[in-house]
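As structure tokens, the structure follows; a few thoughts come after it.
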Amino acid sequence: LDHPNIAVVHEIDETDDGRSFICMAYYPGKTLKELIEEGPLPIDKAVDIAIQIAGGLQRAHEAGIIHRDIKPANIILTERSEVKIVDFGIAKLSGATQQTRTGPTAGTAAYMSPEQAQGQEVDHRSDLFSLGIVLYEMVTGKRPFQGEHEPALLYAITNLDPAPPSKLRQDIPEGLEAVIIKLLAKYPTQRYQQAADVRKDLLDIAGRTSWLRPAVASSRLRLSRLPATLAIAMVAIGVIVLVPFWNSFESLFLSRLPEEKHIVVLPFTSIGGDSLNQAVCDGLMETLTGKITRLERFQGSLFVVPATDVRRSKVTSVEQARKEFGITLAITGSYQRIANRGKLILNLVDAQSIRQLKSEEIEEPAGLVADLEQQAITKLVTMLELSLGEGALDRLHAAPSRVKEANTLYLLGRGYLSQPEKPGYIDIAIEFFRQALKADSRFARAHAALGEAFWKKYEATKLPAWVDSAKTECLIAISLTDTLSATHKALGIIHRGTGNYAEALKEFDRALRMDSLDADLYRERAATYERLNHDSAAISDYKRAIELRPSYWAGYHGLGVFYSNRKQYQIALEAFREATRLAPENPRVFSNLGGVYYQLGLKDEARRYWERAIELGPEFRAYSNLGTLHYQEGRFDEAARMFERAVAIQPRDYRMWGHLGSTYEQLAGQEEKMRQAFSRAAELAEQQRSVNPHDANLLSLLAGYYAMLGSEHQAKELIARSLTLSPQSVQIMVRAAEIHERAGRRGEALRWIERLLKTGYPKQELLRQSWIKALEADSRFQQIVK
């Protein structure tokens, strides 16, 4: 390689004792790593360095060489500010077999691309992702992906989106942020395709910033050189002119809050990057959102976006929140710990103009984060100009525990539990709640939170052992105080998850008597009514949830799932469309919307929405749906690839293993893989059956797995049980027909097919089933279909 931005290599050789080495030119100067350690770089300098790196990479890529270890330590800045890319020690030629590092990956973990982190084959676009990390770090002083250990770091690179650079540094040009975000796209196809394109965009930005800087500097210079007499005259004129118009000036420029206060509490920034500080930030966001939400009933124009929605949609900026949730006000903030004291800054921002309206600074007493929370809610009530009845603020301040240390530990636990998808965070939350209970064993909210954490642990692992622990903690919380609606809500969710639907309804009813304006509670109760086939009650509760929170996507989504399950696709379509309008970045909504289009026979639309869901995040349902589409089209290799990806994302989902087994059945020479997949599906389904033995859909799927494994007696028993539990389910009727046909009971199979078609189930959907081919020559089948 011969390029001004690539270090000259004179020789590659081995020492006498067999150690490989590279002999290259010596460049006096600093590594970029040393420079960044001094703090974020000026924007123009960072852009200039990135332009030179992109130039060097362009030359390497043109020669078919992929560096694979682009990081600040491998970038030297000479004394003349020239960039030299060094250390091609693990570089490889395009198309060559990956080698050099012991283990699954080659490169430095913090600067790997997602495909590199997963040990997949990489091309030149992997270097561009690494360049994105380097550029992000140059302008913010921080790496975009963090992790306490290498597995956590690789998970973040593969699955999580970084905070926008502008959140960490306000003077970043919009165009530069766009370049960084495009470089950091998870999928190579969504990134820049060539280093030359990166270099071109950076040159454009450099041209704009270099034009702007002299203009700003010269204007400051001219202002500073104004004659003193002229400056005094301007001040005098200002006084004379402005006084008569003070009232109009005040109405134009002073802070006025909108009448409709649709509020979001955005994730607080942790200054210092410490993981414990971040937990404080997450906990404050969670608890402050909850406390302001409790004020909704007293303020007719107040609506608060749930913290779970903010995290799920990965919203970090005011503008994103306005587009996503239709908010009018945003609460932002930052937390910093100096020695043993913390400092919280709260800002109230107008969502339309992105203008800060008010700001407060709060000092935390030594180690008492919970006191900081109490001060913060008092400040927010004032900042939001809320009128509270007598004693309302005192009730809001009511400390969960009289032991201040317990309150702090509880807050930290809530911070970690707010992000259960992060590796290890549920376990850390459990430990904090346990520590809080050591400090105060009668701390009801900590018991309830521990129960919630145990249930989330079950949902993440699907290991039944966590279920009883979750239920026990919730019952302890209720025995200590029966006035927390959140505890009854958590217990209701556990009862529903374990098939105790009647008990679940009782808990939701109790919670609603304490808090009749909680839209989440109505949705949870609606889902329970749905399991009991009480359709009118379910619809009523979904609509009540929407009425309470018309700007909240989840109500429409729940209603869409309900109507989709009932084969009322046009109504479901409208509900899902409204959900996507309110939550345009939610992959789950797009996945379900694609499912409705598929059922309506609009495959191209379905495919488009599923691909969009995958773009937005690692959505295993979308991979599964695409696998189903490929399966129906006879493209079984592609279908298997999609289901394999779904299994990789959600390895304990029995449905994904079942789909994979059905696909392997269609591929020659995959009999053993098919059996392994169905065995794994049956094993996981049995574990869930021990948790909820009344889930009709689960029982019917398990019956199918046993049928494929040759266990006909078990299959017959289970399908009969599932039909008893849910006699109107068309999906269970389809499975019943398939199980009877595979067992050689043709008459039973035909009976279920006839009943199925009489419900209005689409003929074409039935004929797409692979097992139906054996029936096509049967005159009885032909007559039924006719």
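Things worth noting here:
- Computed E for Gln190/Glu638 - FRET, C-beta separation, R0 25 angstrom, nearest 0.05: 0.80
- Counted over the chain, the DSSP beta bridges are approximately 75% antiparallel.
- A simple spin-label model places pseudo-atoms 7 Å from Cα toward Cβ; at Ser334 and Glu62 they are separated by 4.2 nm.
- Within a straight-line Cα-Cα reach of under 14 Å, Lys30 can be paired with the following aspartates and glutamates, leaving aside sequence neighbours fewer than 8 residues apart in one chain: Glu38, Glu79, Glu82.
- Computed with a 1.4 Å probe over protein heavy atoms only, the accessible area of Ser711 comes to about 40 Å².
- Sites Ile571 and Lys438 - FRET efficiency at Förster radius 60 Å, r taken between beta-carbons, to 0.05: 0.70
- Approximating the spin labels as points 7 Å out from Cα along Cα→Cβ, the Ala668-to-Glu683 distance works out to 3.0 nm.
- Solvent exposure of the chain as accessible area per residue, Å², 1.4 Å probe: 47 Å²
- Computed [θ] at 222 nm, deg cm²/dmol, the chain (DSSP H ≥ 4; -39,500 (n - 2.57); rounded to nearest 500): -19000 deg cm²/dmol
- Here the accessible area is traced with a 1.4 Å probe on the protein chains. For the chain, carbon and sulfur cover 51 percent of it.
- Two tests apply to each whole DSSP H helix in the chain, Cα reach of 15 Å or more along its axis and mean Kyte-Doolittle hydropathy of at least 1.0, and the ones passing both are 228-242, 696-708.
- Gyration tensor verdict on the range 608-699 (Cα atoms; rounded if a/c is under 1.5, prolate if a/b is larger than b/c, oblate otherwise): oblate
- Normalised contact order of the range 398-469, rounded percent, pairs of Cα under 8 Å and 6 or more residues apart: 28 percent
- Check: the chain dipole with +1 on Lys, Arg Cβ and -1 on Asp, Glu Cβ, in debye: 1740 debye
- Where the alpha-carbon atoms of the chain are placed on the principal axes, they occupy 101, 82, 52 Å, in descending order.
- Gained length - Ser20 relative to Leu757, 0.36 nm times residue gap less alpha-carbon distance: 258.2 nm
- Straight-line cross-link partners of Lys343 among the aspartates and glutamates, defined as a Cα under 13 Å from its Cα and at least 8 positions apart when in the same chain: Glu360, Glu361, Glu363, Glu364, Asp371, Glu373.
- Restraint check, Lys291/Lys404; Lys142/Lys291; Lys182/Lys291; Lys603/Lys773; Lys182/Lys567, Cα-Cα greater than 29 Å: Lys142/Lys291; Lys182/Lys291; Lys182/Lys567
- Theoretical FRET efficiency, 1/(1+(r/R0)^6), r = Cβ-Cβ of Glu38 and Leu1, R0 30 Å, to 0.05: 0.50
- Centre separation in Å (Cα based) which lies between the range 306-327 and the range 128-146: 24 Å
- Amide H to amide H distances under 5 Å link Ile6 with Ile85, where only residues 5 or more positions off or on other chains count and H is placed in the peptide plane.
- Residue by residue, the range 343-358 carries 3J(HN,Hα) couplings of 10, 10, 10, 10, 10, 10, 10, 6, 6, 6, 9, 6, 10, 6, 9, 8 Hz when phi is fed to the Karplus relation 6.51 cos²θ - 1.76 cosθ + 1.60 (θ = phi - 60°); x denotes Gly or Pro.
- Taking a straight Cα-Cα cut-off under 15 Å and skipping sequence neighbours fewer than 8 places away in the same chain, the aspartates and glutamates within cross-link reach of Lys167 are Glu137, Glu177, Glu319.
- Using heavy atoms of the protein chains and a probe of 1.4 Å, the accessible area assigned to Arg735 is about 50 Å².
- A cut-off under 10 angstrom between Cβ atoms defines the neighbours of Asn692, and their net charge, with Lys, Arg +1 and Asp, Glu -1, is +2.
- Solvent-accessible ranking of Lys379, Lys438, Lys261, largest area first, probe 1.4 Å: Lys438, Lys379, Lys261
- Accessible heavy-atom area order of Ser130, Ser779, highest first, probe of 1.4 Å: Ser779, Ser130
- Length gained when the stretch Glu150-Ser779 is fully extended (0.36 nm per residue, less Cα-Cα span): 220.2 nm
The values are calculated or read from the model by the stated rules, or taken from the named source; none is laboratory data. Because the structure is a prediction, the values reported are computed rather than measured. Ideal geometry is used to build each Cβ from the backbone, glycine not excepted, and the neighbour counts take in all protein chains shown. To get the accessible areas, we keep the full protein, side chains included, count just its heavy atoms, and leave off ligands, DNA and RNA. Shrake-Rupley method; radii C 1.70, N 1.55, O 1.52, S 1.80 Å.
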